[in-house]
Structure formats: C-alpha cells, structure tokens
Amino acid sequence: MSKQEAETDYFSLFKLPVSFRIDEKVLKKVYYQLSREFHPDFFVSASEEEKQLAESMAERVNQAFAVLSDFQSRTEYVLSLHGLINGDVKYQLPQDFLIEMMELNERIESLPEHKSGPEWQALNAEIQSIEDGFYELIESCALKYDSLVERPYVLEEMTTLHFKYKYLLRIRENLTTFAPPL
C-alpha cells in the first residue's frame, strides 16, 4: 500500500471506469473488500507509518463510497474530474431557466395560508414533471458518456443539467417549507 494508492481518484480506488452510472452491487462488493483490506484492526502489530496509512486509506474508502453511491455526488465528482466544476467558480445557468424557476418560486410564495390543497398539489405535480424530464435527459447523457458518443458535448450538457437539477431541488425544498403537505 503506497501513498500513490491513497491519492488515486475514487473510481481508480474502486477499480471502476469513470461513469455517471455505477453497478451498485459491484460498488458495494468492492467497498466491503477494501474496508476489510484497510481496516485498522488488521494493522495492530504494524509500524506507525503503516497504521496511519491504513487509517487514511480506510477513511478514503469510506469517502469514496459515500460519493460514488449517491448519484448527485457522483455526477459532481465526475464533472470535477473533467475540470468542469470548481468550488470557486459559479456556474451561469441559462436566463430562460432562471426566469422559469423564479416564476415557480413566486407561485410557491403565493400559496394560500393553509399551505395545502389543490394549489399545492398542482405545483408539486408540475415540479415533479420538470424533475422527471431532467432525470430522463440526465440518463440519456449518462448513456452517451458511457458509450463515448460526443463526450465533450455530453459533459457540457451534463454540467448544465446538474446545476439545473440542483436548483430545482432547492425549489422543491421551498415548496415543502412554504407548503408542507397535510
């Protein structure tokens, strides 16, 4: 076990191809194997350096599993590997999308006082429909990425979809905050 192994990207650590889509069973199987391999209990009689490296690797395996097992986190991670997401840079969403989301927010804020009923249900259904549309587009991009079809274009589209989807999730949070169901 070397320092280089401890610094590999999460996909390489799990010996998986970089992808937006992952076989969950394979991911869990590799996670359990790596967890056993680097569990600190197996390094009780090892040198201090080996103990620290094992502890570091166990932590890295847990971090990698948390990211790779969650679609949103995995998408963000893949995009960051391609240099498309940087914590310091804000992504500019298309103006028409922002206007559409602003209108949804205004409708949420104008829901009746009782915060339930047909207005809430209709708005919730509309947001769910938008979310489903994003999911279909994201799935299509993921398939194209995995088949290496138009990869640069797909990465650009996936970046936009990722940020739109995150924005929509905040809208959904607003809906549940301002208008929780009965």
Note to self: What distance in nm lies between label points placed 7 Å from Cα along the C-beta direction at Phe71 and Val44?
What the structure shows: 4.3
Margin query: Give me the dipole magnitude in Debye, nearest 20, for the stretch 95-178 about the Cα centre, with unit charges on the beta carbon: positive for Lys and Arg, negative for Asp and Glu.
Written below: 240
Item checked: DSSP loop GluC sites (Glu not before Pro) with at most 16 other Cβ within 10 Å: longest gap in the chain -> 8-112
Check: Expressed as a rounded percentage, what relative contact order does the chain have, with Cα pairs under 8 Å and six or more residues apart?
Finding: 24
Next item on the list: Scan (1) 8, 28, 26, 20, 13, 5, 1; (2) 9, 26, 23, 12, 7, 6, 6, 5, 4, 1, 0; (3) 11, 40, 36, 12, 1 for the value of P(r) over Cα pairs in 10 Å bins from 0, in percent calculated from this model and give just the label.
Entry: (1)
Check: When the C-alpha atoms of the stretch 61-106 are aligned to their principal axes, what extent does each axis show, in angstrom, from largest down?
Finding: 43, 21, 14
Margin query: If R₀ is 41 angstrom, what is the calculated FRET efficiency for the pair Leu111 and Glu156, using the beta carbon separation as r and rounding to 0.05?
Written below: 0.70
Notebook entry, point to check: Which FRET efficiency value, to the nearest 0.05, do you get for Gln95 and Ser129 by plugging their Cβ-Cβ distance into 1/(1 + (r/R0)^6) with R0 = 22 Å?
Noted result: 0.55
Item checked: Where labels lie 7 Å past Cα in the beta-carbon direction, separation of Glu103 and Asp23 in nm -> 4.5
Notebook entry, point to check: With Cβ to Cβ distances under 12 Å as the rule, what net charge do the other residues near Leu27 carry (K, R +1; D, E -1)?
Noted result: +3
Notebook entry, point to check: Under 5 Å between amide H atoms, partner at least 5 residues away or on a different chain: which partners does Gly117 have, H built in plane at 1.01 Å?
Noted result: Leu182
Checklist line | Cα lying deepest toward the dipole's positive end in the chain, options Asn62, Val26, Leu81, charges on Cβ | finding: Val26
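Coordinate-derived values only; no laboratory data. The model shown is predicted, which means the values in this text are computed figures rather than measured ones. Every residue, glycine as well, gets a Cβ built from its backbone with ideal geometry; the counts of neighbours run over all protein chains shown.
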